[in-house]
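Accompanying notes for the structure given below.
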Amino acid sequence: MQPIHLEDDVCKKIRGKLNCLPLSYECCIFRVHNILRQVNENAYEPDIIAIGPYHHGKENLKMMEEHKLRYLKHHIGEDTEKLNRYVLALRALEEEAYRCYAEPLTLDKEKWVEMMILDGCFIIELVQKFGDRHLREDNDHIFEMDWIVNTLQRDLLLFENQLPFFVLCRLFDLIEGPNNHPLFVSRVLKFFGDILPGKGREKNIRGDLHTLYKHLLRVVYNNWLPSFSEERYGRDVKFIQCVMDLREAGIKFERGNENNLFNIKFKEGVIQIPLLKIEDRTESFLRNLIAYEQLCEDRRLHFVSDYAIFLDCLINSPNDVRVLCRKGIIDNCLGDDEEVSSMFKKLTKSVVQSGPLFVYDGIFEKINVHYGKRKNRWMAKLRRNYLNSPWAIISSLAAISLLVLTFLQTLYTIKSAYV
């Protein structure tokens, strides 16, 4: 007869905690880790709306809960059967959606399904009304005040403020009919177009979108990424100097004509950088994309993080910002060069660099080679001190002519003395 082993209480507690752990490969919605968050906590916090469970129920976000109910009521009207279909459809996705969140959640099943319906229907209604004003009600306060739409665009792209994309797709199937996911994605991209600080690459929206995209932030991220492949050297990156120092070596700055924000080029001593528009929401937008890159499961190139590192190298003071603004590279809607400089100094703090996969490795190498040549600095100093204006050129030529004439006169005097 085998002895009976009673499970220890500690063992039971540990086993219970293990059973509550989400499967790591299914997690796609995380909390921003404290190392990033503590640099600028407000950049990761919603201002007016909670989407998903992480910020659900916060007192300062309750204003929008009424708008969610209004949007749902406007959509379903008195059709209780339609609402019942939505509830049944999302109950079937309840466990799968739950496992998408890395943090343990406290909502019970009823609250969980209610939250997914209200949040999901609100997002779908919002992007549809944004694209077609005929769908809006006369007293829709959201579209009567621009600041609300602007803030919603910001809040819906926060890393922690997300619903699984397959939940949105399932609701969209029930609203518009199946196999219309590309239509939904195109409406989403149109809604978020205003918040993008620069142009992205347009892509063909096709394929199994509800598995390709994990959430709205991923939708915008994937459709903003560039397609170029810059030469990389695969070794430790040596950072470049700031704008003012590079100009001392004769390096010039021009606004690039590319249709993608990330496509920076260096050719014949000129750094070409596409236009970057900086406004109140830009820091939050970039920070949340960087947080996504730092925690996402795929290890591709980190374009946003590396772009931020590039600009952090270039911008060391308000003077650097001023030069980039004057060259048409930065459109500073904040109006304060010091604020932009401070933003980029902090933007990459605690961000892990992508090492040998650094996107701008090849450009950094070329810039450093140019900067390291003494003749480039000498020529830049000559142009800056003596050839920087027509009057300076005339004065320099006059001085040279005077020296030549003086030399010739002295030579003639010496020659005459020996004749």
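The values are calculated or read from the model by the stated rules, or taken from the named source; none is laboratory data. No experiment lies behind these values; they were computed from the predicted model shown. Heads up, the Cβs are rebuilt from the backbone with ideal geometry, glycines too, and the neighbour counts pull from every protein chain shown. With ligands, DNA and RNA removed, areas are computed over all heavy atoms of the protein, side chains included. Shrake-Rupley method; radii C 1.70, N 1.55, O 1.52, S 1.80 Å.
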Check: region 233-293 dipole with +1 on Lys, Arg Cβ and -1 on Asp, Glu Cβ, in debye: 140
Provide the packing ranking of 359-369, 265-275, 84-94, i.e. peptides ordered by the mean count of other C-beta atoms within 10 Å per residue, highest first. 359-369, 265-275, 84-94
D (Stokes-Einstein, µm²/s), Kirkwood Cα radius, region 1-160, 1.567 mPa s at 4 °C: 70
Under the rule a/c < 1.5 gives rounded, and otherwise a/b versus b/c splits prolate from oblate, where does region 100-226 land using the Cα gyration tensor? rounded
Expected output is a single nm value to one decimal: the length gained when fully extending between residue 85 and residue 138, i.e. 0.36 nm times separation in residues minus the C-alpha distance. What is it? 16.3 nm
Do any of 13/111; 68/345; 129/199; 82/214 go past 28 Å between their Cα atoms, and which? 68/345
Approximate spin-label separation residue 270-residue 244, in nm, with each point projected 7 Å along Cα-to-Cβ: 2.6
Taking the Cβ-Cβ separation of residue 194 and residue 13 as r and a Förster radius of 51 Å, what is the calculated FRET efficiency to the nearest 0.05? 0.55
Using a cut-off of under 11 Å, list every residue of region 150-186 whose amide N is near the label point 7 Å from the Cα of residue 33 along the Cα-to-beta-carbon line. none
Gyration tensor over alpha-carbon atoms, region 80-161, equivalent ellipsoid semi-axes in Å: 27, 18, 10
At 1.4 Å probe size, with the rest of the protein present, what percent of the exposed accessible area of region 98-178 is carbon and sulfur atoms? 48
Where the only charges are on Cβ atoms (+1 Lys, Arg; -1 Asp, Glu), what is the dipole of region 313-360 about its Cα centre, to the nearest 20 debye? 180
Provide the gained length on full extension for the span residue 259 to residue 65, in nm with one decimal, where the gain is 0.36 nm per separating residue minus the Cα-Cα distance. 66.0 nm
Taking the solvent-accessible surface of protein heavy atoms with a 1.4 Å probe, what is the per residue accessible area of region 32-151 in Å²? 53
Expected output is a single nm value to one decimal: the length gained when fully extending between residue 352 and residue 41, i.e. 0.36 nm times separation in residues minus the C-alpha distance. What is it? 110.1 nm
